[in-house]
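Each remark here refers to the structure printed beneath this line.
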């Protein structure tokens with residue numbers, strides 16, 4: 001038996017709704033603050049929602065808000081025959097403009113409560129109704145509903161956006177970028193990579209692919225460390241390596257920076273993994289101290305399904321609202337759903353699509369590592385192509401960015417010196433939905449699992 005929320009129990013704050021409308025009518029200079037924080041859906045009472053809608057229309061038309069202008073608007077649209085008394089009541093519903101902020105907060109909190117009630121109702125229907133979803137999928141869906149419902153800042157999910165509103169935001173972002181106050185996206189600390197991508201964009205799914213031992217994981221961890229050093233939280237799903245192995249990689253990579261005056265490493269990777277003398281232990285402890293502060297979370301459980309990944313990501317996002325990046329290592333290790341009767345190729349497509357949707361939901365980029373098929377080994381030119389992606393059609397379709405890690409030296413170690421490719425790694429951007437393709441050249445230091453930008457080494 002499903003539950004249904006009674007109308008009488010629906011939470012809303014009529015007084016705060018009226019105060020916000022009354023304050024903005026009396027003080028039109030506060031319109032920016034109101035419009036940027038509230039949408040029609042936040043208002044529960046139909047009459048208040050209508051008034052806000054018309055006020056918003058005047059604002060977008062560039063008409064100075066006044067009781068007269070609003071009355072005219074309401075009459076022209078056939079909303080009210082005599083709105084003056086109603087509007088006067090709104091303007092008499094507050095004492096001072098200082099009541100605006102707490103009233104906005106109250107409206108949003110009541111809106112969030114209504115969303116939670118709606119989510120509860122949907123969850124009850126999922127549990128008690130007939131569904132082909134297995135328990136893991138039901139749990140993931142329930143968590144998604146609760147996550148969306150408890151986000152006070154969230155807009156109505158099906159809101160139709162006016163082009164003018166969209167273009168206004170685009171122009172504001174353009175000006176900010178031009179003035180250097182806002183980067184285009186999330187930069188990874190490698191100038192040659194950042195020059196191609198202009199930073200990874202929120203809501204994007206980035207595929208980082210390569211053959212085994214090319215350095216995919218190392219590169220992703222290098223990026224994550226650079227991002228975290230700027231105080232931006234990162235979540236790493238490691239479906240292959242355990243957490244201590246990842247921790248050791250971070251330390252070894254950080255030790256690369258500790259060098260003598262002649263450029264020699266103070267602590268080698270081999271020494272770190274065997275035994276350190278007192279002096280080298282001191283430098284290693286400094287590296288640990290530098291890493292302690294990094295806001296990085298690690299999930300190292302093998303055999304995770306995409307539903308479990310989504311659920312954990314939502315949990316971390318709720319705990320860390322500033323979460324800036326998710327890394328998943330790697331696609332082919334994500335466990336299929338138990339009840340799936342489709343081919344692995346179709347399942348891969350569904351996983352990639354769901355992870356792209358997750359990036360949009362959490363408003364951040366997701367980097368998904370992927371293996372390449374063995375076809376690359378059969379060609380003379382081993383540089384990866386889109387067709388080398390396992391189940392490439394499905395992956396390519398949903399990915400916003402596809403980049404490959406390639407080291408010519410891996411295939412031709414004896415000719416590397418002659419070819420000029422010794423220690424050189426190529427990060428090949430084969431697809432960018434929002435930018436150009438291109439190749440960044442890095443220097444690979446395998447003993448430290450560390451990439452250095454070749455142009456800035």
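Yes/no per residue for (1) modelled with pLDDT of 75 or more; (2) in the same structural domain as residue 39 (by TED's automatic domain parsing); (3) not in a loop (DSSP other than H, G, I, E, B):
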{"position": "120", "(1), (2), (3)": "yes, yes, yes"}
{"position": "124", "(1), (2), (3)": "yes, yes, yes"}
{"position": "137", "(1), (2), (3)": "no, yes, yes"}
{"position": "142", "(1), (2), (3)": "yes, yes, yes"}
{"position": "157", "(1), (2), (3)": "no, yes, no"}
{"position": "169", "(1), (2), (3)": "no, no, yes"}
{"position": "173", "(1), (2), (3)": "no, no, yes"}
{"position": "177", "(1), (2), (3)": "no, no, yes"}
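For the stretch 339-372, filtered to residues that are exposed (fewer than 15 other Cβ atoms within 10 Å of the Cβ) and touching a helix residue (DSSP H, G or I) at 6+ places or on another chain (Cβ under 7 Å), the residue that is modelled with the lowest pLDDT is 340. Taking the stretch 252-267 as the range and being closer than 18 Å to residue 451 by Cβ and either assigned to a loop (DSSP other than H, G, I, E, B) or at pLDDT 85 or above (or both) as the test, the residues that pass are 252, 253, 254, 255, 256, 257, 258, 263. In the stretch 84-98, of all residues being surrounded by fewer than 17 Cβ atoms within 10 Å (Cβ to Cβ) and touching a residue at least 24 places away in the same chain (Cβ under 8 Å), the one that is nearest to the chain's Cα centre (by Cα) corresponds to 97.
I'd like to verify a number: residues in the stretch 351-374 that are assigned to a helix (DSSP H, G or I) and either in contact with a strand residue (DSSP E or B) (Cβ under 8 Å, 6 or more places away or on another chain) or more than 20 Å from residue 431 (Cα to Cα) (or both), how many? Walk me through it before giving the result.
As a first pass, look at the stretch 351-374 and keep what is assigned to a helix (DSSP H, G or I): 351-362, 374.
Keeping just the survivors that are either in contact with a strand residue (DSSP E or B) (Cβ under 8 Å, 6 or more places away or on another chain) or more than 20 Å from residue 431 (Cα to Cα) (or both) gives 352, 355-356, 358-359, 361-362, 374.
The number of residues fulfilling the criteria is 8.
Where helices (runs of 4 or more DSSP H) fall entirely within the stretch 378-430, those with at least 1 residues that are over 15 Å from residue 215 (Cβ atoms), within 24 Å of the chain's Cα centre (by Cα) and at pLDDT below 85 are at 392-398.
Residue under question is residue 426, and the condition is that it be free of Cβ contacts under 8 Å to residues at least 40 places away in the same chain, in contact with a helix residue (DSSP H, G or I) (Cβ under 8 Å, 6 or more places away or on another chain) and surrounded by 17 or more Cβ atoms within 10 Å (Cβ to Cβ); does it hold? It is false that residue 426 is free of Cβ contacts under 8 Å to residues at least 40 places away in the same chain, in contact with a helix residue (DSSP H, G or I) (Cβ under 8 Å, 6 or more places away or on another chain) and surrounded by 17 or more Cβ atoms within 10 Å (Cβ to Cβ).
Okay, residues lined up against (1) farther than 27 Å from residue 302 by Cβ; (2) touching a residue at least 12 places away in the same chain (Cβ under 8 Å):
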position	(1), (2)
364	no, yes
369	no, yes
374	no, no
378	yes, no
406	yes, yes
413	yes, no
431	yes, yes
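Here residue 441 clears all of (1) crowded, with 20+ Cβ neighbours inside 10 Å; (2) under 27 Å from the mean Cα position of the chain (by Cα) except the condition numbered (1).
Does at least one position in the stretch 317-324 carry a residue that is touching a residue at least 40 places away in the same chain (Cβ under 8 Å), outside any helix (DSSP H, G or I), in the same structural domain as residue 396 (by TED's automatic domain parsing) and under 23 Å from residue 399 (Cα atoms)? Within the stretch 317-324, one or more residues are touching a residue at least 40 places away in the same chain (Cβ under 8 Å), outside any helix (DSSP H, G or I), in the same structural domain as residue 396 (by TED's automatic domain parsing) and under 23 Å from residue 399 (Cα atoms).
Would you check if there is a residue in the stretch 215-227 being assigned to a loop (DSSP other than H, G, I, E, B), within 19 Å of residue 446 (Cα to Cα) and modelled with pLDDT of 90 or more?
Yes, the conditions are met somewhere in the stretch 215-227.
As a summary of the residue check, residue 275 satisfies the conditions (1) surrounded by 12 or more Cβ atoms within 10 Å (Cβ to Cβ); (2) in a loop (DSSP other than H, G, I, E, B); (3) without any contact (Cβ under 8 Å) to a residue 40 or more places away in the chain except for the one numbered (1). Inside the stretch 393-421, residues that are in contact with a strand residue (DSSP E or B) (Cβ under 7 Å, 6 or more places away or on another chain) and under 16 Å from residue 432 (Cα atoms) make up a count of 10.
Among the conditions (1) in contact (Cβ under 8 Å) with a residue 24 or more places away in the chain; (2) surrounded by fewer than 16 Cβ atoms within 10 Å (Cβ to Cβ), residue 54 misses just one, which is (2). Among the residues of the stretch 184-198, is there at least one that is modelled with pLDDT under 75 and either within 17 Å of the chain's Cα centre (by Cα) or under 24 Å from residue 443 (Cα atoms) (or both)? Yes, because at least one residue in the stretch 184-198 is modelled with pLDDT under 75 and either within 17 Å of the chain's Cα centre (by Cα) or under 24 Å from residue 443 (Cα atoms) (or both).
The values are calculated or read from the model by the stated rules, or taken from the named source; none is laboratory data. Predicted, not measured: the structure shown is a model, and the values here were computed from it. So basically every Cβ, Gly included, is an ideal-geometry build from the backbone, and we count neighbours across all protein chains shown.
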